[in-house]
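K.L.:
The structure's right below; bear with me while I get my questions together.
The values are calculated or read from the model by the stated rules, or taken from the named source; none is laboratory data. This one's a predicted model, so the numbers in the text were calculated from it and none came from an experiment. FYI the Cβ positions are ideal-geometry reconstructions off the backbone, even for glycines, and counts take in every protein chain you see. Remember, those area values only see protein heavy atoms, side chains included, never the ligands or the DNA or RNA. Shrake-Rupley method; radii C 1.70, N 1.55, O 1.52, S 1.80 Å.
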Amino acid sequence: MTSSVKVAAVHAAPVFLDRAATTAKAISIIREAARGGAQLVAFPETYIPAFPVWAALWAPIENHDLFVLMAEQSVAITGPEIAALRREAKSLGVTISMGISESSPTSVGLIWNSNVLIGPDGAILNHHRKLVPTFYEKLIWAAGDGAGLRVVDTPVGRVGNLICGENTNPLARYALMAQAEQIHISSWPPMWPTRRPSAGGNFNNVAANRIRASAHSFEAKAFGIITAGFMDAAMRDFLIARDSSVIDVIDRTQRAASFFVDPTGEVFGDTLQDQEGIAYAECDLQRCVEPKQFHDVVGYYNRFDVFDLKVNRKRLISATFIDAVTTDIAPELAEQGATAEAIAFHNGGSLDS
């Protein structure tokens, strides 16, 4: 592992609610980022197939068809979209962090807001489900679990990830700090409306995301990759064609930004907000060491006799069928690239991961 690494934050729109087309677009972006020298390519929150901004715009009784479409277009961990990304990661020798809306093998209506980290050998290094969907996201996604609260070794350093509002959870952040995190990826939606703009007081997501990212990097002494979605004309047109009364909300709600922060919390590298593209930054991991002399909150600058954090990283499952345990499905799932936890899940058991 070298000290200096080049990373990329993807600031792009999906092909709205089309997982196959969005995966193809993602692969094109990954190839461009690899040509640009990126060793780690990070995508926004639920990039495949989209972020469900409609949950902020209309009452739930108006959105049943969109929930059905979101569930249909969500991604299985053992499905073709993840398999294609794994092949691309291995072919290019890059690490990929991808936000997905994840489907479930136990229910056609159960979906999670998830992140998958894929190594340069094509292996799934981590699979995280957002602990708590935020605000109106609760109308779309189920709560996740602690199985993905992991920092993993990659050729670009020790990488962790939290999704959107999880970066406001100090215990989740501390759980990653306590695993020697060097690069922290935070993924975000393209916009976050909380009020009608005419009433004032709408959420300033750019300022809020910068505060959260800088706070984490300052406390962890880690580099931060902030990767946010982008609303393109096609997404905007889709929403407005459905109901033109939301034009004001869509056009006057601040767009999210993608950028980087260093271990002191300072912004550096490229920044993107009002246009699609790939932002790049060079991270010298040696810069994570010296600041630990000032505050090492998972080391000497803590009182473990006073504070005691326990993290349950067991993958939660819907049911355990003792009389339905089989092994013949495991080779097929493994061939599709399933993780050990997925195989155990399909076999009716559980894996304390």
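K.L.:
Find all pairs meeting these conditions: Cβ atoms under 7 angstrom apart; at least six residues apart or on different chains; first residue within segment 229-245 and among the basic types (Lys, Arg); second residue open to solvent by less than 80 Å² (accessible area, probe 1.4 Å).
P.N.:
Partner pairs satisfying both residue conditions: 236/250.
K.L.:
Could you pull out the residue among 210, 236, 255 that is in contact with a helix residue (DSSP H, G or I) (Cβ under 7 Å, 6 or more places away or on another chain) and surrounded by 13 or more Cβ atoms within 10 Å (Cβ to Cβ)?
P.N.:
Details: 210 fails: in contact with a helix residue (DSSP H, G or I) (Cβ under 7 Å, 6 or more places away or on another chain); 255 fails: in contact with a helix residue (DSSP H, G or I) (Cβ under 7 Å, 6 or more places away or on another chain).
Answer to the check: 236.
K.L.:
Given the conditions (1) among the aromatic types (Phe, Trp, Tyr); (2) under 20 Å from the mean Cα position of the chain (by Cα); (3) more than 20 Å from residue 167 (Cα to Cα), and given that residue 238 satisfies all but one, which numbered condition is not satisfied?
P.N.:
All conditions are met except number (2).
K.L.:
Give the number of residues within segment 56-83 that are of a type outside the set (Val, Ile, Thr) and out of contact with any helix residue (DSSP H, G or I) (no Cβ under 6 Å at 6 or more places or on another chain).
P.N.:
First pass over segment 56-83, keeping only residues of a type outside the set (Val, Ile, Thr): 56-60, 62-67, 69-74, 76, 79-81, 83.
Now drop any that are not out of contact with any helix residue (DSSP H, G or I) (no Cβ under 6 Å at 6 or more places or on another chain), which leaves 58-59, 62, 64-65, 67, 69-72, 74, 76, 79-80, 83.
Result for segment 56-83: 15.
K.L.:
In segment 258-272, which residue that is of a type in the set (Asp, Glu) and in contact with a Phe, Trp or Tyr (Cβ under 7 Å, 6 or more places away or on another chain) is most open to solvent (accessible area, probe 1.4 Å)?
P.N.:
At the first step, the residues of segment 258-272 found to be of a type in the set (Asp, Glu) are 262, 266, 270.
From what's left, in contact with a Phe, Trp or Tyr (Cβ under 7 Å, 6 or more places away or on another chain): 262, 270.
Details: 262: 13, 270: 68 Å².
Going through the qualifying residues, I end up with 270.
K.L.:
For segment 25-34, name all the residues that are touching a helix residue (DSSP H, G or I) at 6+ places or on another chain (Cβ under 9 Å) and either open to solvent by 10 Å² or more (accessible area, probe 1.4 Å) or within 18 Å of residue 189 (Cβ to Cβ) (or both).
P.N.:
26, 27, 31, 34 - these are the residues of segment 25-34 that are touching a helix residue (DSSP H, G or I) at 6+ places or on another chain (Cβ under 9 Å) and either open to solvent by 10 Å² or more (accessible area, probe 1.4 Å) or within 18 Å of residue 189 (Cβ to Cβ) (or both).
K.L.:
Could you give every pair whose Cβ atoms fall below 6 Å, whose first residue belongs to segment 48-65 and is over 26 Å from residue 80 (Cβ atoms) and touching a residue at least 40 places away in the same chain (Cβ under 8 Å), and whose second residue is outside any loop (DSSP other than H, G, I, E, B) and open to solvent by 50 Å² or more (accessible area, probe 1.4 Å), counting only separations of at least 6 or pairs across chains?
P.N.:
55/139; 60/139
K.L.:
OK, next. Taking interchain pairs and intrachain pairs at least six residues apart, which have beta carbon atoms under 7 angstrom, with the first residue in segment 306-331 and of a type in the set (Val, Ile, Thr) and the second at pLDDT 90 or above?
P.N.:
Qualifying pairs under 7 Å: 311/146; 311/149; 311/175.
K.L.:
Do you know which residues across segment 131-189 are in a strand (DSSP E or B), among the hydrophobic types (A, V, I, L, M, F, W, C) and open to solvent by less than 10 Å² (accessible area, probe 1.4 Å)? Steps first, answer last, please.
P.N.:
If we filter segment 131-189 for residues that are in a strand (DSSP E or B), which is where we start, we get 152-154, 157-163, 183-188.
Filter once more, keeping what is among the hydrophobic types (A, V, I, L, M, F, W, C): 152, 159, 162-163, 183, 185, 188.
If the condition is that a residue be in a strand (DSSP E or B), among the hydrophobic types (A, V, I, L, M, F, W, C) and open to solvent by less than 10 Å² (accessible area, probe 1.4 Å), then 159, 162, 163, 183, 185, 188 are the ones that fit.
K.L.:
How about segment 173-214: which of its residues are among the polar types (S, T, N, Q) and free of Cβ contacts under 8 Å to residues at least 40 places away in the same chain? Spell out how you get there, then give the answer.
P.N.:
Taking segment 173-214 first, the residues among the polar types (S, T, N, Q) are 179, 182, 186-187, 194, 198, 202, 204-205, 209, 214.
Across segment 173-214, the qualifying residue is only 179.
K.L.:
Ok, one more. Tell me yes or no: at least one residue of segment 137-155 is of a type in the set (Lys, Arg) and in contact with a helix residue (DSSP H, G or I) (Cβ under 6 Å, 6 or more places away or on another chain). Show your work before the answer.
P.N.:
Taking segment 137-155 first, the residues of a type in the set (Lys, Arg) are 138, 150.
Filter once more, keeping what is in contact with a helix residue (DSSP H, G or I) (Cβ under 6 Å, 6 or more places away or on another chain): none.
For segment 137-155, residues of a type in the set (Lys, Arg) and in contact with a helix residue (DSSP H, G or I) (Cβ under 6 Å, 6 or more places away or on another chain): absent.
K.L.:
Among the residues of segment 205-258 satisfying the criterion of being among the acidic types (Asp, Glu) and out of contact with any Pro (no Cβ under 8 Å at 6 or more places or on another chain), which is farthest from residue 281 (Cα to Cα)?
P.N.:
Of segment 205-258, the ones among the acidic types (Asp, Glu) are 219, 232, 237, 243, 248, 251.
Okay, now just the ones that are also out of contact with any Pro (no Cβ under 8 Å at 6 or more places or on another chain), so 219, 232, 237, 243, 251.
Working: 219: 20, 232: 24, 237: 33, 243: 39, 251: 30 Å.
Across segment 205-258, the extreme among qualifying residues is 243.
K.L.:
Out of 101, 97, report the one residue that is in a strand (DSSP E or B), open to solvent by less than 20 Å² (accessible area, probe 1.4 Å) and closer than 30 Å to residue 252 by Cβ. Break it down into steps so the answer makes sense when it comes.
P.N.:
On the way: 97 fails: closer than 30 Å to residue 252 by Cβ.
Being in a strand (DSSP E or B), open to solvent by less than 20 Å² (accessible area, probe 1.4 Å) and closer than 30 Å to residue 252 by Cβ holds for just one of 101, 97, which is 101.
K.L.:
Another one. Just one of (1) touching a helix residue (DSSP H, G or I) at 6+ places or on another chain (Cβ under 7 Å); (2) on the phi < 0 side of the Ramachandran plot trips up residue 276, so point out which.
P.N.:
Exception for residue 276: condition (1).
K.L.:
I need a count of the residues in segment 54-85 that are part of a loop (DSSP other than H, G, I, E, B), surrounded by 15 or more Cβ atoms within 10 Å (Cβ to Cβ) and over 19 Å from the mean Cα position of the chain (by Cα). So that I can check it myself, show each step before the final result.
P.N.:
To start, the set of residues in segment 54-85 that are part of a loop (DSSP other than H, G, I, E, B) comprises 58-59, 63, 74, 76-79.
Applying the additional criterion that residues be surrounded by 15 or more Cβ atoms within 10 Å (Cβ to Cβ) yields 58, 63, 74, 76-79.
When the remaining residues are screened for being over 19 Å from the mean Cα position of the chain (by Cα), the result is 58, 63.
Number of matching residues: 2.
K.L.:
Would you mention how many residues in segment 247-271 are more than 20 Å from the chain's Cα centre (by Cα) and of a type in the set (Lys, Arg)?
P.N.:
Count: 1.
K.L.:
In segment 237-353, which helices (runs of 4 or more DSSP H) lie fully inside it and hold 1 or more residues that are at pLDDT 95 or above?
P.N.:
247-252
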